[in-house]
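Below you'll find the structure, written out as structure tokens, and then a few comments.
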Amino acid sequence: MAKRPPFDPYTILAALDRQRVAYVAIGSFARIIRGAEELPDGLDIVPSLQERNLERLAEALVDLEARGVDGGPVDFERPDAVIRAMSPAGELNVVPRPGGTRGYDDLRRAATREPLGRGLRPAVASTGDLARMLAALGREEDRPKLQALRQVAELERSIGVELTL
């Protein structure tokens, strides 16, 4: 098995930003932005499935020198299929409709733009939506992550109450 490249989310996010790709970040990277303690090894996104947006996403993957995990070209023949791509900046998974959701438009409504530095402000799925997706997977190994998200959600609610007082 080939060694995974180091994960550089700034490079991946900048490529998506340069091409003006509409997406919502999900998965472990989004969970750590929300406050969970994990070590992400790649970036998972839910793109808008509009044809022009998918063209821009394909251009961003070219910019990233991304290949399929099998080493071949990234396959965009089925826009409804999960795409796993590897680049020198790490792994990028494109998930059109994560479990428990109806896709981009569903997630976009509660997503927020989060400042990460270097001028990058990706749309990140809400804590509730991240928990919903994780729960939909139904994996036993995800229970601690789901519990951590629930604690983050509780903190968010308590901070919201404090801010309104």
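The table below lists the values:
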quantity: Residue match in the range 125-138 (condition: within 28 Å of residue 4 (Cα to Cα), modelled with pLDDT of 95 or more and in a loop (DSSP other than H, G, I, E, B)); calculated: yes
quantity: Among the candidates 5, 47, 40, residue that is surrounded by 14 or more Cβ atoms within 10 Å (Cβ to Cβ), touching a strand residue (DSSP E or B) at 6+ places or on another chain (Cβ under 8 Å) and touching a residue at least 12 places away in the same chain (Cβ under 8 Å); calculated: 47
quantity: Filter result (of a type outside the set (Asp, Glu) and in contact (Cβ under 8 Å) with a residue 60 or more places away in the chain) within the range 81-93; calculated: 86, 87, 88, 89, 90, 92, 93
quantity: In the range 14-46, residue modelled with the lowest pLDDT [restricted to those that are farther than 16 Å from residue 111 by Cβ and acidic (Asp, Glu)]; calculated: 41
quantity: Selected residue (only one of 148, 125, 153 is surrounded by 19 or more Cβ atoms within 10 Å (Cβ to Cβ) and either in contact with a Phe, Trp or Tyr (Cβ under 9 Å, 6 or more places away or on another chain) or within 22 Å of residue 45 (Cβ to Cβ) (or both)); calculated: 125
quantity: Residue 73 being buried (at least 18 other Cβ atoms within 10 Å of the Cβ) and either over 19 Å from residue 137 (Cα atoms) or within 14 Å of the chain's Cα centre (by Cα) (or both); calculated: no
quantity: Pair list, Cβ under 8 Å, 6 or more apart: the range 53-80 residue on the phi > 0 side of the Ramachandran plot, other residue among the small types (Gly, Ala, Ser) and at pLDDT 95 or above; calculated: 65/87
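The values are calculated or read from the model by the stated rules, or taken from the named source; none is laboratory data. Computed from a predicted model, the values in this text were never measured in an experiment. No Cβ is skipped: glycine too gets one built from the backbone with ideal geometry, and neighbour counts run over all protein chains shown.
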